[in-house]
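Worksheet: one structure, shown below.
The values are calculated or read from the model by the stated rules, or taken from the named source; none is laboratory data. In this text, all values refer to a predicted model and were calculated from it rather than measured experimentally. Here the Cβ positions follow ideal geometry from the backbone for every residue, glycine too, while neighbour counts run over all protein chains shown.
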Ligand SMILES: [Cu+2]
């Protein structure tokens with residue numbers, strides 16, 4: 001009964017999602033032809049469900065935006081329904097909003113057709129969509145439904161009892177012994193029928209509810225193990241493939257582990273943060289030893305507890321972050337090389353993080369500009385899109401002129417809550433994986449680096465992102481300068 005009540009109303013709550021950990025919203029900064037857009041997409045908490053799309057045009061030259069959901073790959077990617085117009089905000093003519101039905105779990109993209117003063121242009125933004133969690137029924141609704149259910153049951157029993165005992169009596173005539181007996185039998189049978197209905201109904205509902213629960217996306221927990229003093233092995237978890245009905249309707253969305261594609265040049269991006277002080281941070285790139293297994297040589301690391309976040313992307317463009325918590329002894333590993341980078345002695349800055357050689361990374365929190373999406377020095381609001389802007393300065397305070405692309409991009413950032421429950425790997429183009437952007441725009445998947453800008457980046461980088469819930473966060477920003485990757489750590493609070 002309790003289970004029945006708990007499950008009657010399956011409202012769903014957006015607590016977990018993919019790509020990142022507990023940070024399901026998509027933030028995207030990109031161009032539809034000549035039009036610069038900042039896009040926020042809130043995927044539905046349960047699929048089928050409605051995704052909310054918000055598009056901010058950076059300049060005032062857009063007249064109309066139409067939005068359309070499409071599967072990332074497969075036949076559905078080519079069979080487009082008619083697009084819906086996004087509604088222009090009455091208060092802010094540069095803000096457009098719309099909602100889209102997402103009918104199947106998996107890897108989607110939202111296609112935007114932008115009409116403005118410079119003609120018509122298109123932009124595709126990846127959208128991973130899964131059911132996330134079931135919420136228990138509201139207590140008040142449960143009590144109300146229990147009361148109504150009991151009233152119905154009592155009514156049914158009462159009607160059968162009265163029908164079997166009193167049906168043939170005239171008004172005011174008392175029942176004879178045979179009728180009383182018949183009434184008792186009627187009462188017993190009616191009670192048995194109602195009880196059986198409750199029990200069978202609860203069983204039916206319980207199986208429906210657990211089938212629904214199995215369709216909820218679970219965050220994969222990989223198993224780390226340290227061998228030979230410094231070799232970290234990662235055995236990936238696949239909790240969402242175990243359920244055979246998952247994504248059965250369309251095979252491309254079965255979650256597999258042997259279908260990974262490179263995302264900005266690597267099959268896996270592993271972020272390691274020491275907890276709880278968050279003063280040590282690494283961004284490493286383990287190699288796949290066999291499908292589902294990765295290994296990486298650790299650098300020199302102090303002993304302690306570490307949170308691991310491993311970003312991977314499936315062939316559908318569906319991203320996942322595998323997580324783990326591990327206690328490590330002091331590791332006397334190898335010097336960092338290639339794209340691997342990190343730092344042991346970070347401390348979170350409010351505004352200015354020191355880099356090597358007297359260089360500094362400055363968080364431009366205070367720029368006030370009317371069309372800017374910035375917090376202007378105030379605490380951030382949860383679930384709001386912001387641009388996080390950072391400027392790299394030399395020791396004289398002048399903009400650095402020797403920045404280089406790091407893995408094909410101007411910068412990489414990890415937004416992590418201080419409790420470790422929220423993690424997002426974000427780039428100047430936004431919170432979606434680079435590999436998914438390539439797929440969404442129909443580019444080939446050779447290295448996942450096709451869309452990257454290999455020109456020298458400017459001294460200023462920005463990331464579009466919004467914190468998913470109130471709390472304390474750390475932002476680890478990585479840039480490359482003079483052949484070396486530098487990490488700046490910043491503290492932020494969302495309300
Ligand atoms: Cu990155």
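Quick notes
- Residue within region 303-322 that is within 21 Å of residue 405 (Cβ to Cβ) and in contact with a helix residue (DSSP H, G or I) (Cβ under 8 Å, 6 or more places away or on another chain) present: yes
- Residue within region 282-301 that is within 24 Å of residue 439 (Cα to Cα), out of contact with any strand residue (DSSP E or B) (no Cβ under 6 Å at 6 or more places or on another chain) and surrounded by 20 or more Cβ atoms within 10 Å (Cβ to Cβ) present: no
- Residue within region 147-155 that is under 25 Å from the mean Cα position of the chain (by Cα), loosely packed, with under 15 Cβ neighbours inside 10 Å and outside any strand (DSSP E or B) present: no
- Inclusion of residue 316 among residues that are in contact with a strand residue (DSSP E or B) (Cβ under 7 Å, 6 or more places away or on another chain) and either part of a loop (DSSP other than H, G, I, E, B) or at pLDDT 90 or above (or both) is warranted.
So that you can scan it fast, the table gives a plain yes or no per residue for (1) over 26 Å from residue 324 (Cα atoms); (2) buried (at least 17 other Cβ atoms within 10 Å of the Cβ); (3) modelled with pLDDT under 85; (4) within 11 Å of the ligand (Cβ to nearest atom):
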site	(1), (2), (3), (4)
398	yes, no, no, no
401	yes, no, no, no
420	no, yes, no, no
427	no, yes, no, yes
436	no, yes, no, no
440	yes, yes, yes, no
443	yes, no, yes, no
450	yes, no, yes, no
464	yes, yes, no, no
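- Residues of region 338-351 that turn out to be more than 9 Å from residue 489 (Cα to Cα) and surrounded by 14 or more Cβ atoms within 10 Å (Cβ to Cβ), as a count: 6
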